[in-house]
Ligand SMILES: Cc1ncc(COP(=O)(O)O)c(C=O)c1O
């Protein structure tokens, strides 16, 4: 057993769930075998606690590092902040510059607030939107974090949010009286949303612009019109979609403007910073309610974000991310065709994934992860692309993946996949850990 696996076992004894983020649990990737911890990282490479080096062809920090790990320019600015001071009694000026920059990039918005996690930024947006609309009820589509307001959608019916990224989210501890305040709707199902809005006094619609597949039949335009007609605050949660296909929100690509938008993940290229931006008349409602936190004022986040945005703009990183992702998509399909395997593909090009069309899909994903790990890759069935995923890196990844797809084909033809796995099958969603 490697040092990381041993530490993961210790962690589960003293940290409920083992860590702070579901996606980084070893069980989500490769139970009993995943290295779990890193000692250092650079570009798209990660070293574990035993000094083993891996190419990250998986989550890239769960979408945080689209410019790669340890981007020189961003890290230089962070070092400077450390030198000069990260926290004082006074505010950091960078938060003002960052607000100005995000508003300049999104001309429909007039104001911004900052936080340090996506869930927080979502909670802030919901509080402001409810205050502005004067109505409590929210229609949601997509994943919006761990807070009470969102998980309340699963009160009484645990699977309400199942189609929205994570199945099995249990709302224990969320007050029962929040039941009936949040109503999920299905992406691209306009009739469902319209019925919800007509049946309930919905004051806020919050949604991801795109998660697994794009809008059909002018879905986003219709949602915008519905919100405008009924005086509903429309929020686009761009925590994950932002900066991967456009410079800023993905909504810019579709020409649909929300009333508020949320950014996170890659905004600071690995440093904690998230933003909620919006129209003045809505954002001003933040003054009628209390939203305030000490570490939302630290300096590394906004300083890193400003430099990240500068590098993104100069290098047009979103074009590179998209190009790399489209190439990966095409190569997965070619490899699947070569081995006569059937796969489904999903996600933005820059956050691209595939699933084997098989009842054994999760076991095959585990097998891929296991075999690729042995060849020096952190790889599951999805890739958050980064600018450090050079053609050589991607080529190497596919050369390594080719024989693994051959193995999957053998299993499709009757070989027992469980006999090939050195540990249990990975988890497909939220579960209690033993
Ligand atoms: C669209 C979206 N909103 C919110 C969040 C929550 O962000 P965080 O994990 O930083 O709290 C995520 C994270 O995956 C997300 O993808």
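The values are calculated or read from the model by the stated rules, or taken from the named source; none is laboratory data. These figures come from a predicted structure and were not determined experimentally. Cβ sites come from the backbone with ideal geometry, for glycine too, and all protein chains shown count toward neighbours.
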Looking at the structure I just gave you, is residue 257 surrounded by fewer than 21 Cβ atoms within 10 Å (Cβ to Cβ), touching a residue at least 60 places away in the same chain (Cβ under 8 Å), assigned to a loop (DSSP other than H, G, I, E, B) and assigned by TED's automatic domain parsing to the domain that holds residue 146?
yes
Return yes when residue 91 is surrounded by 13 or more Cβ atoms within 10 Å (Cβ to Cβ), assigned to a loop (DSSP other than H, G, I, E, B), more than 20 Å from the chain's Cα centre (by Cα) and assigned by TED's automatic domain parsing to the domain that holds residue 117 and no when it is not.
no
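Listed here are the residues, each with its yes/no results for (1) under 23 Å from residue 194 (Cβ atoms); (2) away from the ligand (no atom under 12 Å from the Cβ).
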| residue | (1), (2) |
| --- | --- |
| 117 | no, no |
| 124 | no, no |
| 128 | no, yes |
| 139 | yes, yes |
| 147 | no, no |
| 157 | yes, yes |
| 164 | yes, no |
What is the one condition in (1) more than 15 Å from the ligand (Cβ to nearest atom); (2) without any contact (Cβ under 8 Å) to a residue 60 or more places away in the chain; (3) within 25 Å of the chain's Cα centre (by Cα); (4) surrounded by 16 or more Cβ atoms within 10 Å (Cβ to Cβ) that residue 214 does not satisfy?
(4)
Flag for residue 61 being outside the structural domain of residue 250 (by TED's automatic domain parsing), touching a strand residue (DSSP E or B) at 6+ places or on another chain (Cβ under 8 Å) and either in a helix (DSSP H, G or I) or closer than 25 Å to residue 297 by Cβ (or both)
yes
Of the residues 140, 77, 174, only one is within 24 Å of residue 200 (Cβ to Cβ) and out of contact with any strand residue (DSSP E or B) (no Cβ under 8 Å at 6 or more places or on another chain); which?
174
Among residues of segment 156-173 being buried (at least 20 other Cβ atoms within 10 Å of the Cβ) and without any contact (Cβ under 8 Å) to a residue 60 or more places away in the chain, the residue farthest from residue 139 (Cα to Cα) is 171
With (1) modelled with pLDDT under 95; (2) closer than 27 Å to residue 228 by Cβ as the list, and residue 130 as the residue in question, which single condition is left unmet?
(1)
